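Asker: Okay, here's the structure, questions in a sec.
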Amino acid sequence: MSSKSKLTYSTRASTHPNVLVKKLFEVAEAKKSNVTVSADVTTTKELLDLADRLGPHIAVIKTHIDILSDFSNETITGLKALAEKHNFLIFEDRKFIDIGNTVQKQYHGGTLRISEWAHIINCSILPGEGIVEALAQSASADDFHYGPERGLLILAEMTSKGSLATGEYTKASVDYARKYKNFVMGFVSTRSLGEVQSEATSPSEDEDFVVFTTGVNLSSKGDKLGQQYQTPESAIGRGADFIIAGRGIYAAADPVEAVQRYQKEGWAAYEARVSA
């Protein structure tokens, strides 16, 4: 596990060079929450209702904006207003995976206008280094109006059974993150990757990438489509800084009660890690 993982969010925020990561840690500390809720609903009304009800208890809301049946400007303005009201960040789980020219258009234009409202995006590096370079270039372009509060997570590992995001793919993910660290804020992975080394790069003393871990569920070990779940305690124990939970929260009989349980258990696991 990375040595930075054993420090508090506030300590990491105080020295972190990335403005968005600094804000993320400050949000987590202020709300005593490391929960990211995956709001995989299909209408704007459901999305905004969830964001409003769960907002006080989460650090980040993760969207799949392209599954909404009625995406519109109301979706964008409503989501941004709730992020401001409840002090959370927005992570669009677009998983960009194409040539550089295409992903720039997908991120910084098109119908979904992702760069306008999403603080965090992610990508797969299957197309090669060009995808990371293109997204970083787009975010630093002269006509980009949203400042430094935008960042990229590289999809370095997945929790689905039989995932091929392993080995050399994961090593390359870390290499690209180190090369474009002004825009790459961390990884979606099942563990801390700070100690991963390759012939191309090795970790520096001040390296502090954020780890988001998916597939966190308190009441299920998996589904029929290959998803494999883990608990907040096990995820954070392996190096996750932020846990991502979906169906365990939004599909619960009482989503607010459910998110409070994840918030409590996730924070307890974090406190145990930093006090060890």
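Asker: Which residues make up the longest stretch of the chain clear of trypsin sites (Lys or Arg not before Pro) that lie in a DSSP loop with no more than 11 other Cβ atoms within 10 Å, not counting the sites?
Answerer: Longest site-free region, per DSSP loop and neighbour criteria: 1-160.
Asker: Then there is this: Counting Lys and Arg as +1 and Asp and Glu as -1, each charge on the Cβ, what is the dipole of the chain about the Cα centre in debye, to the nearest 20?
Answerer: Using Cβ point charges on Lys, Arg, Asp and Glu, the chain gives about 520 debye.
Asker: With Cβ to Cβ distances under 15 Å as the rule, what net charge do the other residues near residue 121 carry (K, R +1; D, E -1)?
Answerer: -1
Asker: I'd like the distance separating the alpha-carbon centroids of the stretch 229-276 and the stretch 18-39, in whole Å.
Answerer: Their Cα centres are 13 Å away from one another.
Asker: About the Cα centre, and with charges only on the beta carbon of Lys, Arg (+1) and Asp, Glu (-1), how big is the dipole of the stretch 1-70? Nearest 20 debye, please.
Answerer: Dipole about the Cα centre, nearest 20: 580 debye.
Asker: Ok, one more. Which value in nm describes the separation of the simple spin-label points at residue 219 and residue 133, placed 7 Å from the Cα toward the beta carbon?
Answerer: 4.8
Asker: Looking at the square roots a ≥ b ≥ c of the eigenvalues of the Cα gyration tensor of the stretch 47-169, which shape do they give, rounded for a/c under 1.5, prolate if a/b is larger than b/c, or oblate?
Answerer: Cα axes put the stretch 47-169 in the oblate bin.
Asker: What part of the accessible area of the chain, given as a whole %, is carbon or sulfur when the probe is 1.4 angstrom?
Answerer: 50
Asker: To the nearest 500 deg cm²/dmol, what mean residue ellipticity at 222 nm is calculated for the chain from DSSP H runs of n ≥ 4 alone, each contributing -39,500 (n - 2.57), summed and divided by the residues?
Answerer: So the helix-based figure for the chain works out to -12000 deg cm²/dmol.
Asker: Extension gain residue 43-residue 264, at 0.36 nm per residue separation less the Cα-Cα distance, in nm?
Answerer: Working it through step by step, the gained length comes to 76.7 nm.
Asker: Still on this structure, please answer the following. Among the listed pairs 80/171; 80/161; 22/161; 62/105; 31/161, which are separated by more than 26 Å between their Cα atoms?
Answerer: Result: 80/171; 80/161; 22/161; 31/161 exceed 26 Å.
Asker: Still on this structure: Under the 0.36 nm per residue contour assumption, what length would be gained going from the current alpha-carbon distance of residue 234 and residue 97 to full extension?
Answerer: Result: 46.4 nm gained on full extension.
Asker: Still on this structure, I have one more. Using Cα pairs under 8 angstrom and six or more residues apart, how large is the relative contact order of the chain, in percent?
Answerer: 20
Asker: Among 186, 237, 147, which one shows the highest mean-square fluctuation when the chain is modelled as a Gaussian network with alpha-carbon springs under 10 Å?
Answerer: 147
Asker: While we're on this one: Would you mind pulling out the separation of the Cα centroids of the stretch 60-95 and the stretch 102-168, in Å?
Answerer: Between the Cα centres of the stretch 60-95 and the stretch 102-168 lies a distance of 16 Å.
Asker: Now, a different point. Out of 243, 67, 125, any idea which swings most in a Gaussian network model of the chain, alpha carbons joined below 10 Å?
Answerer: Result for the chain, Cα springs under 10 Å: 67 fluctuates most.
Asker: Going by amide H atoms built from the backbone, whose H comes under 5 Å of the H on residue 165, apart from near neighbours?
Answerer: Close amide H contacts, sequence-distant or interchain: 158.
Asker: Quick check: pseudo-label points 7 Å beyond the Cα along Cα→Cβ at residue 67 and residue 276, how many nm apart are they?
Answerer: Inter-label distance under the simple model: 3.2 nm.
Asker: Here is a further query. Heads up, I need the accessible area for residue 166: 1.4 angstrom probe, whole protein in place, Å², nearest 10.
Answerer: Number for this one is 80 Å².
Asker: Also, I was wondering about something else. Running a GNM on the chain with Cα contacts under 10 Å, which residue among 240, 13, 141 ends up with the highest mean-square fluctuation?
Answerer: Comparing 240, 13, 141 in the GNM, the peak value goes to 141.
Asker: Mind checking the per residue accessible area of the stretch 81-196 for me, 1.4 Å probe, whole number of Å²?
Answerer: 43
Asker: Which one of 33, 203, 163 is farthest out on the positive end of the charge dipole of the chain, using unit charges on Cβ (Lys, Arg +1; Asp, Glu -1) and the Cα centre as origin?
Answerer: The residue sitting farthest along the positive end of the dipole is 33.
The values are calculated or read from the model by the stated rules, or taken from the named source; none is laboratory data. The structure presented is a predicted model; accordingly, all values stated were derived computationally and were not measured. Heads up, the Cβs are rebuilt from the backbone with ideal geometry, glycines too, and the neighbour counts pull from every protein chain shown. Quick note on the areas: whole protein, heavy atoms, side chains included, nothing else; ligands and nucleic acids left out. Shrake-Rupley method; radii C 1.70, N 1.55, O 1.52, S 1.80 Å.
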